[in-house]
Amino acid sequence: MKLATFTLLAVLAAPAAHAVEYTTVLPKQSSVQFEFRQMGVPVKGGFKRFTTQMQFDPARPEAARASIEIDLGSIDAGSPEADDESAGKLWFNRSVYPKATFVSKEVRAFGNNRFELRGTLTLKGKPRDMVIPVSYAPGKNASTFDGSFVLKRLDFGIGEGMWADVGTVANEVQVRFRIAATGK
């Protein structure tokens, strides 16, 4: 059985006079973060280790491809106790599902450096189709692709048992990412 996982990512740029194909991701300038509410209090966190692959030519956004694989063991959920709790069967069940993945299927351009990334997010063995809005910002040394979406944790079986109560831990998790890349 293929190990499943979570994520999201973005790849696209507005058509430009000097087309650049973005293929080199800069991990130290990239991030995947999240925020949710626990007992009404916002909790922020992120993942320290993830790998991203992308191929994007602004002259042909419809041919773009992107994928991300997140090491769920690299979570920073605000405290060592929360990080340890996330490993268990009721949360990520990392001994069985150590990674989350997102693989794009289609990219749509909307103009003004805005795109829509459609693909499959697999987390805890459950694949779900996702639509993720992404914006592109050209830069001198690197360009960035920023996106954000709401993940419903219970759709993926995250926070089962006593943690399934959305009054304790909200079902909605805001996921934000920035992917920095260079091209040739």
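Quick one: in region 106-144, of everything that is of a type in the set (Gly, Ala, Ser) and modelled with pLDDT under 90, which residue is farthest from Arg178 (Cα to Cα)?
Only one residue tops the list, namely Gly111.
Pick out the one residue from Gly125, Gly111, Gly159 that is in contact with a Gly (Cβ under 9 Å, 6 or more places away or on another chain) and more than 19 Å from Val25 (Cα to Cα).
Sole residue among the options that is in contact with a Gly (Cβ under 9 Å, 6 or more places away or on another chain) and more than 19 Å from Val25 (Cα to Cα): Gly125.
Out of all the residues in region 25-59, which are more than 21 Å from Ser143 (Cα to Cα) and of a type in the set (Lys, Arg)?
Residues satisfying the conditions are Arg37, Lys44.
So how many residues does region 165-181 have that are surrounded by 16 or more Cβ atoms within 10 Å (Cβ to Cβ) and either more than 15 Å from Gly45 (Cβ to Cβ) or among the small types (Gly, Ala, Ser) (or both)?
So the count comes out to 6.
Among the numbered criteria (1) at positive phi; (2) in contact with an Asp or Glu (Cβ under 9 Å, 6 or more places away or on another chain), which one does Lys124 miss?
So the condition that Lys124 fails would be (2).
Please go through region 171-184 and pick out each residue that is assigned to a loop (DSSP other than H, G, I, E, B) and within 19 Å of the chain's Cα centre (by Cα).
Selection gives Asn171 alone.
What is the residue count in region 85-112 for residues that are farther than 18 Å from Gly46 by Cα, buried (at least 18 other Cβ atoms within 10 Å of the Cβ) and under 18 Å from the mean Cα position of the chain (by Cα)?
Selection size over region 85-112: 2.
Name the single residue that is farthest from Glu35 (Cα to Cα) among those in region 113-164 being of a type in the set (A, V, I, L, M, F, W, C) and surrounded by fewer than 14 Cβ atoms within 10 Å (Cβ to Cβ).
Ala137
Is it the case that region 130-148 has a residue that's part of a strand (DSSP E or B) and among the acidic types (Asp, Glu)?
Scanning region 130-148 turns up at least one residue that is part of a strand (DSSP E or B) and among the acidic types (Asp, Glu).
The values are calculated or read from the model by the stated rules, or taken from the named source; none is laboratory data. Predicted, not measured: the structure shown is a model, and the values here were computed from it. So basically every Cβ, Gly included, is an ideal-geometry build from the backbone, and we count neighbours across all protein chains shown.
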